[in-house]
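Peer 1: The structure under discussion is supplied below as structure tokens; questions concerning it will follow.
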Amino acid sequence: MKITLGAVSRPLESLKIKTGDWGTEYPVIIEENCKGCGDCVVYCPDLCIELVEVGKDEKGKVRKVAKVNYDYCKGCGTCSVVCKHEAIKMEIKELYRG
Amino acid sequence: MKLFGSGHGACPGCGLPIAVKSVLEGTGPCFVANATGCLEIISSQYGKSAWGVPYIHSVFENSAAVAAGIEAALKALGRKDEGPVVVFAGDGATADIGIGCLSGMFDRGHDILYVCLDNEAYQNTGNQQSGLTPPGSNTTTTPSGKVLPGKIKPKKDMVSIALAHKAVYVATASVAYPRDITRKAKRALEFEGPKYLQIHSVCVTGWGVDGKQAIPVAKLAVETALYPLVEYENGQLVRVKKIKDRKPVEEYLKLQRRFRHLFKHPKGKEVIAELQKIADENAKKYGLDA
Ligand code: SF4
Ligand code: SF4
């Protein structure tokens, strides 16, 4: 018989809390402008942006662009402010449009 | 596995998760002791832990002592190779409530990286002043009114306090520069003994800034020299972040609700002048002007 004593907290259980419905805005990545610099990734307070491969550039180098996981994005807009390449714009969620 | 994950309860635009993930990026897997405070509330609720590393929260004042116990145990058991011991504590837990335990940790020379997440007030209970609240700041315990223009005394100089304890590595950082935080956390671990890293972290609700303004505001704290980024190794100042065209402190203050009264209060001008003097002194002391 296996007994779990007391309250056991397991790693990264927060992942089941989908915080994506918090914000009124959401970021849209403009892929053509994205240089894959990763600035938005290091700044995002909700750890919900990653760089994903989208084929190769003209020189045959792997091209990566930012991708948002909307399940967790709180719409703070930090990514759109730190991006130096105008590759992220914030939009109002449909629910909150007038 | 990620060391810190999404789904935590921080306000949109909060600086704390940026600071935490940047530190963990530098340290890798480690043992975390966390003081009571915002970070504890947003990341450790039962069944909702955002941590991917061993984590313990006990009470407000003792995170340095808890970490000291973990470090001593790892040493005694010959398990030091399993990872460094890291403390995350807020400014109140560090400069006020836990300063005794922190002093003991320094004094006994524990091999610990102590990270102070400085959002300049007790923010999880709604913005009460701490020893690291800057002058002029409007908090619920230092409200600006007819007589007082917000908090009176300057920030406690925790860098000097850590240096006076002969901490082997002492540095400040800011969420405006996450890669710098990572570098400093990594560098700190190259030293054996007690290390102190203080990270300026924007509180969007307490400071009254829009989420989008969080990083620009944090940058301005550095660019005005109100929050100098410095690095000491074995007591010697080894690196500072230089500032090109230092900005007047008003540029930083005017973006935040907590300083708004300074532009109308009869004593506001005096406080702004005092803050400018602090910035000028920082610039001179650390040679910040490029
Ligand atoms: S969206 Fe902007 S910040 Fe993010 S990777 Fe692309 S260019 Fe860099
Ligand atoms: S809006 Fe905020 S939470 Fe959403 S992806 Fe951008 S930085 Fe992350």
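Peer 1: Assuming residue A:86 fulfils every condition listed in (1) within 10 Å of ligand 1 (Cβ to nearest atom); (2) exposed (fewer than 13 other Cβ atoms within 10 Å of the Cβ); (3) within 14 Å of chain B (Cβ to nearest Cβ) apart from one, which condition is it?
Peer 2: (3)
Peer 1: Counting just the residues of the range A:46-72 that are near ligand 2 (Cβ under 6 Å from one of its atoms) and facing another protein chain (nearest Cβ under 9 Å), which one comes out surrounded by the fewest Cβ atoms within 10 Å (Cβ to Cβ)? Spell out the reasoning first.
Peer 2: Going residue by residue through the range A:46-72, those that are near ligand 2 (Cβ under 6 Å from one of its atoms) are A:46, A:48-49, A:68.
Next, only the ones that are facing another protein chain (nearest Cβ under 9 Å) stay: A:46, A:48.
Details: A:46: 30, A:48: 22.
The extreme case among them is A:48.
Peer 1: Does residue A:30 count as more than 9 Å from ligand 2 (Cβ to nearest atom) and either closer than 23 Å to residue B:43 by Cα or modelled with pLDDT of 95 or more (or both)?
Peer 2: Values: more than 9 Å from ligand 2 (Cβ to nearest atom): yes; either closer than 23 Å to residue B:43 by Cα or modelled with pLDDT of 95 or more (or both): yes.
Yes, satisfied.
Peer 1: Please find, within the range B:248-267, the residue that is most open to solvent (accessible area, probe 1.4 Å) out of those that are of a type in the set (Lys, Arg) and under 11 Å from residue B:136 (Cα atoms).
Peer 2: Pass one, the range B:248-267, residues of a type in the set (Lys, Arg): B:254, B:257-258, B:260, B:264, B:267.
Still in the list and also under 11 Å from residue B:136 (Cα atoms): B:258, B:260, B:267.
Details: B:258: 7, B:260: 140, B:267: 78 Å².
Among those that are of a type in the set (Lys, Arg) and under 11 Å from residue B:136 (Cα atoms), it is B:260.
Matching residues to (1) under 18 Å from residue B:250 (Cα atoms); (2) among the hydrophobic types (A, V, I, L, M, F, W, C):
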{"site": "B:119", "(1), (2)": "no, no"}
{"site": "B:170", "(1), (2)": "no, yes"}
{"site": "B:207", "(1), (2)": "yes, yes"}
{"site": "B:211", "(1), (2)": "no, no"}
{"site": "B:224", "(1), (2)": "yes, no"}
{"site": "B:232", "(1), (2)": "no, no"}
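Peer 1: A further question follows. Search the range A:24-40 for residues that are within 14 Å of another protein chain (Cβ to nearest Cβ) and within 6 Å of ligand 1 (Cβ to nearest atom) and pair each with any residue that is at pLDDT 95 or above and part of a loop (DSSP other than H, G, I, E, B) when their beta-carbon atoms are under 7 Å apart and the residues are at least 6 apart or on different chains.
Peer 2: Qualifying pairs under 7 Å: A:39/A:83; A:39/A:84; A:40/A:83.
Peer 1: Within the range B:224-247, identify whether any single residue is away from chain A (no Cβ under 14 Å), assigned to a helix (DSSP H, G or I) and surrounded by 16 or more Cβ atoms within 10 Å (Cβ to Cβ), and answer yes or no. Let's see the steps before the verdict.
Peer 2: Step one: list which residues in the range B:224-247 are away from chain A (no Cβ under 14 Å), which gives B:224-247.
Then drop every residue that is not assigned to a helix (DSSP H, G or I), which leaves none.
No, that holds for no residue.
Peer 1: So, of the residues in the range B:7-47 that are under 25 Å from residue B:82 (Cα atoms) and facing another protein chain (nearest Cβ under 9 Å), which turns out to be surrounded by the most Cβ atoms within 10 Å (Cβ to Cβ)?
Peer 2: Applying the filter and picking the extreme gives B:18.
The values are calculated or read from the model by the stated rules, or taken from the named source; none is laboratory data. Since the model is a prediction, treat every value here as computed from it, not as a measurement. Every residue, glycine as well, gets a Cβ built from its backbone with ideal geometry; the counts of neighbours run over all protein chains shown. With ligands, DNA and RNA removed, areas are computed over all heavy atoms of the protein, side chains included. Shrake-Rupley method; radii C 1.70, N 1.55, O 1.52, S 1.80 Å.
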